[in-house]
Every structure is written in structure tokens, then in C-alpha cells.
Amino acid sequence: MGATVITLKPARPCPICGKPATQADHPFCSPRCADIDLNRWLSGAYVIPAAPVDEDGADEEAGAGPDGEDPDV
């Protein structure tokens, strides 16, 4: 019987440069591309868009009724 290797996931390219990823640096092809990705995260290049939140009255308005008063009173 011959030992065959069955790949469980399809091989994906490095998300930074597109070269084939290595097992040692998965999902990147090299430590350099991993460092580039880390720098992008730490510098804020990767952000999740969200609606701005008003920090002054965010908690007060959550329980307020339509006229601005607390409905439990």
C-alpha cells in the first residue's frame, strides 16, 4: 500500500503578494508578508466601517421615551 496525502483544504495564495502560502507561515508565504499584514493592522489600515456613536447621551437615550422622559417613571 502506498501512502497518499489527501489535502483537506484547497491551497490559497498569500493575501499580501499572491505567491503560494507555506505551511510554516500559513496563511502567508513568508515572515515578511506576515509582518506587512501585522503592520497594516497596527497602523489602522484595516478598519471595519461603522456608524459614528454620540458618546455624550448614548446611555440616556436608550431608555428614553418619545418625549425624552424615562418611561418607568
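The values are calculated or read from the model by the stated rules, or taken from the named source; none is laboratory data. Small disclaimer: the values here were computed from a predicted structure and weren't measured.
Could you tell me which residue of the range 19-45 is farthest from Lys9 (Cα to Cα), considering only residues that are part of a helix (DSSP H, G or I) and polar (S, T, N, Q)? Residue satisfying both the conditions and the ranking: Ser43.
Taken as a whole, the range 46-60 holds at least one residue that is in a loop (DSSP other than H, G, I, E, B), of a type in the set (Ser, Thr, Tyr) and modelled with pLDDT under 90.
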